[in-house]
Amino acid sequence: MAAKSRQPKSGKPSGPRQFKPVEQVKTALHSPSDIDRRLRLSLDNLLEGCQIISFDWKFLYLNEAAAGHARRPREELIGRIVMEEYPGIEETETFAALKECMEKRAPRRMEILFTFPDGGTGWFELSIQPVPEGVFVLTIDITAEKNKKEALRQSEEELRLIAENVGDLIALFDREGKRLYSSPSYRTILGITGDVFENDAFLYIHPDDRERIRELFYETARTGVTNRVEYRFLLPDGSVRTVESNASPVRDDRGEVSKIVVVSRDITERKRIERQFLRTQRMESIGALAGGIAHDLNNLLAPILVSIFALRQTIRSKRARTMLDALESSAKRGAELVKQVLSFARGVEGERSVIRVGDIVSEIEKMMRVSFPKNIRITTGVQKGLWPISADPTQIHQVFLNLAVNARDAMPNGGTFTISAINVAVDRQYARMHPGMPEGNFVLITVTDTGTGIPPKIIDRIFEPFFSTKEMGKGTGLGLSTTHTIVTSHAGFIDVYSDVGKGTTFKVHIPVHSAAPGTTSRAHAKPPTGRGEVVLIVDDEAAIREITRTTLEAYGYSAMTASTGEKAVAIYAKKGEKIDVVITDIMMPYMDGHSAIRAMQEMNPKVRVLAVSGLGVGGFDPRYPESTPVRFLPKPYTAETLLRALRDLLDLPV
């Protein structure tokens with residue numbers, strides 16, 4: 001028999017397989033003849049190997065299949081001693097099982113790895129039964145079955161490795177919805193672990209989507225129909241992520257659904273870009289409609305104004321002339337409104353000249369100090385050496401004026417208004433953080449207030465014409481739409497960041513004049529590199545975390561990330577001694593950037609922190625003294641700006 005063997009741990013049969021030849025052998029052996037004709041007829045042609053070994057360890061019988069395993073004619077084996085044919089068998093579990101069956105007359109079943117005389121191997125399942133002459137051994141070749149299981153195991157291992165190294169979320173469920181497996185991406189992308197799903201596999205699906213997804217899952221389990229669906233996760237930190245999932249059935253040998261594989265992809269960023277694109281399309285459609293309406297309104301207003309002039313020449317009644325004056329005033333207001341609509345619909349034209357944004361900022365500041373309520377504090381900041389732009393001065397002035405008026409109205413109880421202008425060289429990273437913006441050199445004008453903020457549900461509509469949250473008679477809803485049109489007509493870009501109750505920031509990018517001195521050399525200046533310092537990046541936006549991490553690692557830094565303030569504090573508590581600097585977003589749910597900074601300062605008062613925010617300097621807490629190694633960087637930032645800010649912060653003496 002085999003030189004190597006493996007016995008099941010339980011020592012019990014591994015399955016319900018029935019060995020009918022064993023019963024046939026027992027019947028035959030109880031006949032008058034030891035090995036009679038009926039036994040041979042029963043066993044000789046079986047595909048399974050059959051052997052009878054006597055109490056003195058001789059082969060009394062082998063069929064052709066068993067002799068084939070030994071690679072010898074059975075006539076040469078019958079009557080031979082087992083130990084002589086298989087040297088070393090006494091040291092194997094197979095021999096021990098045979099001996100136990102002979103002595104205790106107890107059947108055994110086991111699996112062995114059999115080594116053929118020519119050196120080949122194969123897996124066999126042995127059924128050892130006591131018979132009057134000794135033991136009967138039935139040998140079934142299970143090599144193919146073993147190889148299939150091993151191939152399946154390797155396949156499952158490969159699938160597991162794939163699942164653990166792809167960016168998609170992969171989960172395996174049984175038919176009842178119990179989660180059997182969750183890929184590590186659930187932690188890295190959503191910040192949740194698989195064990196939290198033990199009681200409810202649908203736990204973190206948004207309540208508004210949960211029942212719909214549950215019904216679709218059970219439909220797939222019942223019918224085997226693949227379902228693709230979009231829905232939202234509501235995460236423990238309060239953030240919402242949108243995913244696209246594909247649920248596919250896994251069928252058993254009978255073709256019935258036994259498990260469900262769900263592969264999901266985080267499409268939150270894609271949906272945001274789609275909304276931005278749809279907003280642009282909607283603006284274009286509204287613009288075309290508004291242009292047609294404005295044209296017709298002009299045709300209606302023109303004869304009214306002309307008629308008023310003619311009537312004034314013939315009417316002498318003071319009361320009638322007063323009515324004409326009111327009519328003329330209303331008609332002129334209508335004409336001015338139509339003019340704004342046309343500006344939005346068709347773009348704005350004007351004489352372009354090389355202007356300095358700093359001069360316009362100064363003019364706006366003077367006007368605001370005279371006209372704004374005294375409870376609004378006004379601050380400005382213009383970078384020295386600000387690049388000139390090519391623009392219509394009147395139109396750019398109107399952009400600033402519209403944004404300033406909106407900021408004033410958002411602060412009825414007072415606050416802080418900030419307007420600043422800096423040079424920005426938009427590189428690939430900056431453009432990726434701000435979809436829709438081309439690469440190049442821009443002047444960035446940031447207008448920030450600390451007012452009421454804009455609710456998320458309407459922020460995508462603020463640039464639409466006639467959309468206004470102001471009371472009737474206090475706004476036409478054309479200020480921001482005109483601002484948007486002016487900026488885009490100058491090949492610029494405008495975006496808004498807002499937090500309800502904390503304020504709003506508008507960022508306006510205007511391309512610099514093509515002949516602006518020094519722009520090219522600055523845009524291509526070599527940024528400082530890291531020296532292996534460890535940076536902890538904290539931001540609730542996965543795209544920003546990944547882009548920042550990739551950039552820093554490309555420039556000589558080592559980076560780790562956290563999606564919330566709580567996780568950042570936990571990481572710093574564990575690895576603070578190895579972290580050289582922290583980059584943290586200020587506006588995050590639950591524990592915001594300020595709270596995280598203060599918690600880390602409790603552990604290390606000298607922790608270096610680069611605080612970033614889309615709200616500009618208005619989003620930064622001025623309570624950090626200059627002596628504290630905490631500095632501010634507005635979003636979005638270029639790779640060069642980030643690297644220079646990091647280098648300056650790391651070089652600070654603490």
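The values are calculated or read from the model by the stated rules, or taken from the named source; none is laboratory data. Just so we're clear, the structure is a prediction, and the values are computed from it rather than from any experiment. All Cβ positions, glycine included, derive from the backbone under ideal geometry; neighbour counts span all protein chains shown. Heavy atoms of the whole protein, side chains included, go into the accessibility calculation; ligands, DNA and RNA do not. Shrake-Rupley method; radii C 1.70, N 1.55, O 1.52, S 1.80 Å.
Quick notes on this one:
- Matching entry among 229, 225, 263, 243 (being open to solvent by 40 Å² or more (accessible area, probe 1.4 Å), in a strand (DSSP E or B) and aliphatic (A, V, I, L, M)): 263
- Hits in region 502-548 - residues which are at pLDDT 85 or above and surrounded by fewer than 19 Cβ atoms within 10 Å (Cβ to Cβ): 502, 528, 529, 531, 532, 533, 534
- Tally, over region 490-505, of residues that are in a strand (DSSP E or B) and touching a residue at least 40 places away in the same chain (Cβ under 8 Å): 9
- Looking across region 335-364, the residues that are open to solvent by less than 60 Å² (accessible area, probe 1.4 Å) and modelled with pLDDT of 70 or more come down to 353, 355, 357, 358, 360, 361, 362, 364.
- Figure legend. Inter-residue proximity from region 247-272: first residues at negative phi and basic (Lys, Arg), second residues open to solvent by less than 50 Å² (accessible area, probe 1.4 Å) and outside any strand (DSSP E or B), beta-carbon distance below 8 Å, spacing 6+ or different chains. Indicated pairs: 251/224; 265/168; 272/435.
- Sole exception among (1) open to solvent by less than 50 Å² (accessible area, probe 1.4 Å); (2) polar (S, T, N, Q); (3) under 28 Å from residue 452 (Cβ atoms) for residue 398, by number: (1)
- Condition met for residue 101 (more than 27 Å from residue 148 (Cα to Cα), crowded, with 20+ Cβ neighbours inside 10 Å and more than 60 Å from the chain's Cα centre (by Cα)): yes
- Figure legend. Inter-residue proximity from region 176-188: first residues in contact (Cβ under 8 Å) with a residue 12 or more places away in the chain, second residues hydrophobic (A, V, I, L, M, F, W, C) and part of a helix (DSSP H, G or I), beta-carbon distance below 7 Å, spacing 6+ or different chains. Indicated pairs: 177/217; 179/197; 182/197; 183/163.
- Subset of region 76-98 (residues that are open to solvent by 30 Å² or more (accessible area, probe 1.4 Å) and more than 15 Å from residue 56 (Cβ to Cβ)): 76, 86, 87, 88, 91, 93, 96
- Any chance residue 583 is within 30 Å of residue 425 (Cβ to Cβ), among the β-branched types (Val, Ile, Thr) and not in a helix (DSSP H, G or I): yes
- Some residue of region 568-575 being modelled with pLDDT under 90, open to solvent by less than 40 Å² (accessible area, probe 1.4 Å) and either in a helix (DSSP H, G or I) or farther than 20 Å from residue 626 by Cβ (or both): no
- Number of residues in region 595-654 that are at pLDDT below 80 and closer than 18 Å to residue 576 by Cβ: the value is 1.
- Neighbours by Cβ (under 7 Å, 6+ apart or cross-chain): first from region 53-67, in a helix (DSSP H, G or I); second of a type in the set (Gly, Ala, Ser) and surrounded by 18 or more Cβ atoms within 10 Å (Cβ to Cβ): 65/49; 66/49
- Residue that is farthest from residue 147 (Cα to Cα), among those in region 116-136 that are open to solvent by 50 Å² or more (accessible area, probe 1.4 Å) and of a type outside the set (Asp, Glu): 132
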